[in-house]
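Each remark here refers to the structure printed beneath this line.
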Amino acid sequence: MTLWLQFFQFLLSGLTTGSTYALIAIGFSLIHNATGIVNFAQGEFVMLGGMFMVTFLSLLRLPMPLAFFLTVLSVAAIGLLLERGPIRRARSKEILILVMITVGASIFIKGLSMLLWGKNPMTLPPFSGEAPIVFLGAAVMPQSIWTFAITVFVVAGLNYFFKGTVTGKAMRAVAASRRSALLTGIPVDRMILLSFTLSGALGAVAGMILTPITTTSYDVGVMLGLKGFSAAILGGYGSMPGAVVGGLLLGILESLSAGLISSEYKDALAFLVLLTVLFFKPSGILGRGRLRRV
Amino acid sequence: MGKKNKISLLIYALIIFTIPAILQNNYHLMVLNVAALNIVVVIGLNLLMGYAGQISLGHAAFYGLGAYLSAIFTTTYSFPPWTTLVMAMVITGLVAYAIGIPTLKLEGHYLVMATLGFNVIIYIVMIQLDEVTGGPSGFAGIPRLRIAAFAFDSDLKIFYLLWTVSIGVLILSLNLIHSRVGRAMAALSHNEIAARCSGIDTETYKVKIFVISAVLASLAGSLYAHYITFISPGTFSFFYSIQVVTMVLVGGMGSLWGSAFGAILLTLLPEVLHAVKEYNVLIYGLILMIVLIFFPQGLFPGIMGIFAKRKIDGQSGSREPLAWEKGT
């Protein structure tokens, strides 16, 4: 295989994993914009997405679309419960306390999943066929096309939601200024609830499309969450296009470094990217620098 | 540090050092020794959480760096243990400095993520770099600490060493928070902008506290390596970071005595409950959430607060806190 072809192959696989990072990064951004907190349980949502899909599809033998729908619903419900329960009940509304509550929730979800689903990694059959499609000389798995197509679909849907619907606009208003949003009569509490629910749903989708490629187990959440967060930082924290760009870029970087340098330290790359961005341009590629009000 | 603290310290030390007279079971001593090490890590972390308003989810990595650096320097390069202890502390401090500089300038949760990431990376390196670290099966044959001909080779001997260090760290930290630096730190954690306006170089302070905190974790890690003489990556996983953060929160951010209490309580709790290891993760997640939701100021200060309030109520009646006292 020529170097160019190899490069192209890595690029394609990077785009595949990158698109799931983008979905995770969007989940981080949604909650950050509504509440200002980093939701550590975002990675667990992805893990749960994979786990629920395995349960519905392989154990209960439900048809694919129904299983897909039920998984999104279940994880969205868990997102909703996280907000309704721990986050809302918290006596202190300090950001760092709320962030640590999501850390606790993430550990709790992980522990519970270990008891429910055991420690063995699980996998899903690809959505359609396993025969690779040859594209410009590179082999593409049908699952990669699914992954990419679903991500594009979700991002387009979200874009419409935020720009074209009243609820979406209200959520953007909350992100811009919580107080002004409240003054104009937007039910801020409900928007925050919605942001957690949507993040849960996004995590579910990311988990479902990723599992056939990488398998899943109870402990993948931390790493996926970290990568999604790095992607969000890389693109510009809180920015939706930034999350997509950051996710894809991180996926490509990771795939290239694994293929051309060393696969053992592949997982370390996301962290290096994170630190480098924080060092040189904390606002990320597409993010705007924020002024802090005193 | 005040008369009250000195008396408390004296009583605390007396109680601790009479324990071996009553408790002679080696396993129980070992659990207490681990508790002493946890106290060192937790006090260091509390300086960061309670006085710099920052949370690290990577203290297991600093603890692990101390342990592995000590193990590698003594066993592979045959340096004397006490020297490696200091070398490990210096190196860990430099690493913490490198991480702290970019992240501590930003809002609190960036350090949380960066340290978590660092923890994950160090864990990967411990497993992957098996020619140096022994990989997943661990690193054995670490020499014990000794002073001249006296070797710390039993749980009892090491009990006195570890608890002396642990109490020493508590004394130093109490001194630190009651010094000029400590008052600056308290101001910084209370209101960073106000602190900066009154001439406190908040960024430098935050980085310094982070480095001190990492160095203390490294010290505990080195002592652990020379005590157990065998280390493996599992001990230094992300979960240990969660455990120590939970200990700080249970004891209360900013309360050093609380840290000692939190560390002892949560180290002994699984032993007392005979908890199945499988449930450990679940239980810690639950404790972390419940403490943060209902006692954000910490379980220890929370309980003390209930008693203190009753006393005040009985004496002169309580008053409503003023608006500025509630904070924002």
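Which helices count as membrane-span-like in chain A under these terms: full DSSP H, at least 20 Å along the axis by C-alpha, Kyte-Doolittle mean of 1.6 or more?
In chain A, the long hydrophobic H runs are A:64-82, A:95-117, A:266-280.
What distance in nm lies between label points placed 7 Å from Cα along the C-beta direction at B:SER179 and B:TYR77?
Spacing of the two 7 Å Cα→Cβ label points: 2.9 nm.
What do the square roots of 5 times the Cα gyration tensor eigenvalues come to for segment A:110-158, in whole Å, largest first, as semi-axes of the equivalent ellipsoid?
29, 18, 8
How large is the Kirkwood hydrodynamic radius of segment A:202-294, in angstrom, based on all distinct alpha carbon pairs?
Averaging 1/r across every pair of different Cα atoms and inverting gives 14.1 Å.
Compute the FRET efficiency between A:ALA176 and B:ASP201 as 1/(1 + (r/R0)^6), taking r as their Cβ-Cβ distance and R0 = 25 Å, and round to the nearest 0.05.
With a Förster radius of 25 Å, E is 0.15.
If the viscosity is 0.890 mPa s and the temperature 25 °C, what translational diffusion coefficient in µm²/s does Stokes-Einstein give for chain A when Rh comes from Kirkwood over Cα pairs?
D, rounded to a whole number, is 126 µm²/s.
How do B:203-214, B:134-145, B:248-259 rank on mean C-beta neighbours within 10 Å, highest first?
Highest-to-lowest ranking by the protection proxy: B:248-259, B:203-214, B:134-145.
Roughly how far apart, in whole Å, are the Cα centres of segment A:23-69 and segment A:176-232?
A separation of 8 Å, based on Cα centres.
Go ahead and run the numbers for FRET between B:ALA186 and B:ILE7, Cβ-Cβ distance against an R0 of 30 Å, rounding to 0.05.
0.85
Any idea how far the Cα center of segment A:120-170 sits from the one of segment B:72-95, in Å?
49 Å
Rounded to the nearest 500, what is chain B's calculated 222 nm mean residue ellipticity when only DSSP H runs of at least 4 contribute -39500 (n - 2.57) each, over all residues?
Taken over chain B, the calculation gives -25000 deg cm²/dmol.
Note down the Stokes-Einstein diffusion coefficient of segment B:75-199 in µm²/s, whole number, using a Kirkwood radius over alpha carbon pairs, 4 °C, and 1.567 mPa s.
70 µm²/s
Diagonalise the Cα gyration tensor of segment B:191-235 and give the resulting equivalent ellipsoid semi-axes, square root of 5 times each eigenvalue, largest first, whole Å.
Semi-axes (√(5λ), whole Å): 36, 9, 6.
Provide a whole-number value for the mean count of partner chain Cβ atoms within 10 Å of the Cβ atoms in peptide A:273-282.
Mean partner shielding for this stretch: 4.
Using Stokes-Einstein with the Kirkwood hydrodynamic radius over Cα pairs, what translational diffusion coefficient do you get for segment B:3-237 at 10 °C and a viscosity of 1.306 mPa s, in µm²/s rounded to a whole number?
Estimated diffusion coefficient is 86 µm²/s.
For the pairs A:LYS93/A:LYS169; A:LYS110/B:LYS157; A:LYS281/B:LYS277; A:LYS93/A:LYS163, flag any whose C-alpha to C-alpha distance is greater than 32 Å.
With Cα atoms farther than 32 Å apart: A:LYS110/B:LYS157; A:LYS281/B:LYS277.
Average partner chain C-beta neighbours within 10 Å, per residue of B:113-123?
Neighbouring Cβ atoms belonging to other protein chains average 6 per residue here.
Given the pairs B:LYS4/B:LYS206; A:LYS227/A:LYS266; B:LYS105/B:LYS208; A:LYS119/A:LYS266, which span a C-alpha to C-alpha distance of over 19 angstrom in this model?
From the list (B:LYS4/B:LYS206; A:LYS227/A:LYS266; B:LYS105/B:LYS208; A:LYS119/A:LYS266), the Cα-Cα distance tops 19 Å for B:LYS4/B:LYS206; A:LYS119/A:LYS266.
Give me the net charge of B:VAL181's neighbourhood, meaning all other residues with Cβ under 13 Å from the Cβ of B:VAL181; Lys, Arg count +1, Asp, Glu -1.
Net charge around B:VAL181: +3.
For segment B:289-303, in order, what is each residue's ³J(HN,Hα) by Karplus, 6.51 cos²θ - 1.76 cosθ + 1.60 with θ = phi - 60°, in whole Hz (x at glycine and Pro)?
Values per residue, Gly and Pro as x: 5, 5, 4, 5, 6, 9, 10, x, 8, x, 5, 4, x, x, 5 Hz.
Nearest 500 deg cm²/dmol is fine: what mean residue ellipticity at 222 nm does chain A get from its DSSP H runs of n ≥ 4 alone, each adding -39,500 (n - 2.57), divided by its residue count?
It comes out at -24000 deg cm²/dmol, rounded to the nearest 500.
With charges set only on the Cβ (+1 for Lys and Arg, -1 for Asp and Glu), what does the dipole of the protein assembly as shown come to about its Cα centre, in debye to the nearest 20?
Around 2020 debye, computed over the protein assembly as shown.
Given H placed 1.01 Å from N in the peptide plane, which residues other than close sequence neighbours of A:MET122 have an amide H under 5 Å from its amide H?
Residues meeting the criterion, in which the H sits 1.01 Å from N, are A:THR216, A:SER217.
Could you work out the equivalent-ellipsoid semi-axes for the protein assembly as shown, taking the square root of 5 times each eigenvalue of the Cα gyration tensor, largest first, in whole Å?
Three semi-axes, in Å: 41, 31, 23.
Using only the alpha carbon atoms of segment B:10-105, find the Kirkwood hydrodynamic radius as the inverse mean reciprocal pair distance, in angstroms to one decimal.
Result for segment B:10-105, one decimal place: 15.8 Å.
Quick check: net charge around B:LEU116, other residues with Cβ under 15 Å of its Cβ, Lys/Arg +1 and Asp/Glu -1?
-1
Could you rank the peptides A:46-55, A:147-156 by their average count of other C-beta atoms within 10 Å per residue, with the highest value first?
Highest to lowest by the protection proxy: A:46-55, A:147-156.
Using 1/(1 + (r/R0)^6) with R0 = 25 angstrom and r between the beta carbons of B:ALA98 and A:LYS281, what's the FRET efficiency to the nearest 0.05?
After rounding, the FRET efficiency stands at 0.90.
From the P(r) of segment B:14-56, could you give the percentage of C-alpha pairs in the tail past 15 Å?
So the pairs more than 15 Å apart make up 55 percent of the total in segment B:14-56.
Across 10 Å bins from the origin, how do the percents of Cα pairs in segment A:1-140 run, short distances first?
P(r) for segment A:1-140, in whole percents per bin: 10, 31, 30, 20, 8, 1, 0.
Quick check: net charge around B:VAL291, other residues with Cβ under 15 Å of its Cβ, Lys/Arg +1 and Asp/Glu -1?
Result for the neighbourhood of B:VAL291: +1.
Along segment B:214-222, what does the Karplus equation 6.51 cos²θ - 1.76 cosθ + 1.60 (θ = phi - 60°) give for ³J(HN,Hα), rounded to whole Hz, x for Gly and Pro?
Rounded to whole hertz, the list is 5, 5, 5, 4, 5, 4, 4, x, 4.
Ratio of segment A:141-194's C-alpha Rg to 2.2 N^0.38 Å, to two decimals?
After normalising by residue count via 2.2 N^0.38 Å, the value is 1.51.
Only the coordinates and a few stated rules stand behind these numbers; no lab work does. All figures in this text were calculated on a predicted structure; none of them were measured in a lab. Positions of Cβ are backbone-derived with ideal geometry, glycine not excepted, and every protein chain shown enters the neighbour counts.
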